[in-house]
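Report on one structure; see the data block that follows.
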Amino acid sequence: MQAMSASGLGSRYLRSAVVLVCLVAVLRAPAVSVSLVSSADTGLIEVAPTNNNGGQEFFNAGTTQNGTRNRGLLRFDLSTIPTNAVILSATAVLSVVHVPAETPADAPFSLHRVFQEWGEGTNVAGQSAGQGLPAHPGDATWSFAHYASNAWSVPGGAAGVDFATLESASQFIYELGDSPYTFGPTPELTTDVQGWTAHPAANFGWLLLCDEEATPFTARRFGSRQNANSDNWPRLNVDYLVPPQIARAEVTADRFAVGFRAETGQGYTLEFRDPTGGGAWQTLVELGVFAEVTDVLVLDPIVLPGRLYRIKVY
């Protein structure tokens, strides 16, 4: 609640100039949807703990027939999403591009938020492609987040230290014919994206691991951003709203002025109700959806005993 006043106005106008401006996101009609390709992805390879395969068309996750583990890392650049955006939902989409030749075991895989920076690397191995090549300085490996200066707390990373213990999303992974696989939407995945949007420096992406790492033949190759087929690229699909930036909320002569910036592709309705908080919200003006960023100013004649206002975004 905010009391507005202006010099020279009588008490009649001061009493009526009681306003509340609040934002309401209409979840059933998300205004902006984006699909982002991973900005970095690579695998951590237990059998080759100082190797990197960051330039491959795939990254590994899961356990091989020999019982050695692989874990994937992937990160998305969220800089195209405004830092004040309200994230409505987020889903990560991954494609399996290779499975074990002998009786692949189906298993759940999960995404876990990573707590420290890591390097993608550029290695592309020919023979034994799944084992990568010796890492360059700064590359992520099974032993290092950045080879060879910044080691994981334990090889492969430790839950609760290097990555979140609780999963952000999970999906049961089968074979090639069931691709692509969608992780989410979940509240945890949405919260991750919300936090990274507001605080980009904390965006270290997710670790992809098999929830049944003791089971052989769960290893899978997932398409990376370098894959020749764009359908196999890791993608993050995000729906969001941008709250209006209130530029003006004041009494002007015998009117109340509400000014804000409308974002492209979003719709707005200015509503009002009795200042005591009773009664239903009523539409003052339906502004519709804007084709481009627009500075909006609405003037409402002051009435007694005043009004509460809110801007609905959809």
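The values are calculated or read from the model by the stated rules, or taken from the named source; none is laboratory data. Just so it is clear, the structure is predicted and the values come from calculations on it, not from any experiment. In this analysis, Cβ positions are derived from the backbone assuming ideal geometry, glycine residues included, and neighbour counts consider all displayed protein chains. Each accessible area value is taken on the protein alone, full model and side chains, heavy atoms only, with ligands, DNA and RNA left out. Shrake-Rupley method; radii C 1.70, N 1.55, O 1.52, S 1.80 Å.
See the values below:
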quantity	calculated
Of all residues making up segment 192-209, the number that are touching a residue at least 24 places away in the same chain (Cβ under 8 Å) and not in a loop (DSSP other than H, G, I, E, B)	11
Options Val238, Val258, Val242: the member that is under 30 Å from Gly54 (Cα atoms) and aliphatic (A, V, I, L, M)	Val238
Condition met for Arg273 (farther than 23 Å from Ile81 by Cβ and either surrounded by 15 or more Cβ atoms within 10 Å (Cβ to Cβ) or acidic (Asp, Glu) (or both))	yes
Wholly enclosed strands (runs of 3 or more DSSP E) of segment 25-126 bearing at least 2 residues surrounded by fewer than 21 Cβ atoms within 10 Å (Cβ to Cβ)	32-37, 86-94, 96-98, 107-113
Residue that is farthest from Leu304 (Cα to Cα), among those in segment 241-270 that are of a type outside the set (Gly, Ala, Ser) and touching a Leu at 6+ places or on another chain (Cβ under 6 Å)	Pro243
Any hit, segment 262-269, residues being modelled with pLDDT of 90 or more, open to solvent by 60 Å² or more (accessible area, probe 1.4 Å) and of a type outside the set (S, T, N, Q)	no
Any hit, segment 190-213, residues being open to solvent by 50 Å² or more (accessible area, probe 1.4 Å), of a type in the set (Gly, Ala, Ser) and farther than 21 Å from Ala90 by Cα	no
Options Arg220, Arg235: the member that is buried (at least 20 other Cβ atoms within 10 Å of the Cβ), over 21 Å from the mean Cα position of the chain (by Cα) and of a type outside the set (Val, Ile, Thr)	Arg220
